[in-house]
Amino acid sequence: MTMQIFLCRIGLALILGGAIGIERDIHGRAAGLRTHMLVSVGAALFTLVSITLAKGCGQVGDPARIAAQVVSGIGFLGAGTILKSGFTVRGLTTAACMWLVAAIGMACAVGWMWQATVVTFTVLLVLMTVKRVENRLHRLFSLKVTITAGNAEIYEKMLEFVSQQREITIMSMDLSYDAASGIHTAIFVVDTITGLGQLEMSHKISAGIREFTTDLRSLRIECIS
């Protein structure tokens with residue numbers, strides 16, 4: 001392999017990985033421009049080394065041996081970007097991007113230049129447009145439940161109630177306490193993507209909460225706007 005081909009493939013891997021990294025950086029993700037560029041170039045270099053060693057060994061060499069380890073090895077790096085807080089999981093998309101960027105770098109290394117470019121622009125299109133569709137769907141099928149009571153049991157009771165309802169999934173939750181008034185406030189955002197309408201689901205949640213909460217001060221259920 002000539003130096004010109006080597007630089008061309010490594011350079012394209014650097015640019016394509018950086019393009020996806022910029023999008024992640026704009027959204028303030030932990031793995032941004034530098035990380036995605038390094039992952040793409042590293043995957044491309046490992047693949048080139050694997051191909052070169054295989055050719056040097058003739059029929060004995062396996063060109064996929066080193067490259068195959070990139071696929072599994074990148075999973076450990078991607079796992080470091082995933083964070084779980086309560087019912088909220090962050091970083092899954094960034095981890096998937098890093099895994100895909102490694103594939104793009106490997107594609108550049110084997111000479112799939114235009115294929116890697118097409119995939120990169122497709123990924124950028126997905127990252128920039130599909131999120132808006134997801135947000136609209138969540139607004140259509142999500143409810144915000146605000147409960148105030150004189151005891152802290154509303155937190156555990158609400159979790160117990162929701163766990164028994166197959167039609168409801170808690171997306172996020174927040175619990176606060178006002179020492180002056182002795183009021184506990186629990187705010188839950190629940191996902192209701194089922195055959196039931198939001199109005200029927202609101203009645204069901206309201207009836208369930210009023211049944212298990214003996215010291216209910218107020219209850220408000222509203223659609224996510």
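The values are calculated or read from the model by the stated rules, or taken from the named source; none is laboratory data. Bear in mind that the values here come from a model prediction, so they are computed numbers and not experimental data. So basically every Cβ, Gly included, is an ideal-geometry build from the backbone, and we count neighbours across all protein chains shown.
Annotations for the structure displayed:
- If you filter the stretch 9-28 down to residues that are under 15 Å from the mean Cα position of the chain (by Cα) and farther than 15 Å from Ala102 by Cβ, you find that the one that is surrounded by the fewest Cβ atoms within 10 Å (Cβ to Cβ) is Gly28.
- Options Glu200, Glu160, Glu222, Glu211; residue that is in a helix (DSSP H, G or I), modelled with pLDDT of 75 or more and acidic (Asp, Glu): Glu160
- Qualifying residue in the stretch 48-56 (condition: surrounded by 21 or more Cβ atoms within 10 Å (Cβ to Cβ) and at pLDDT below 90): yes
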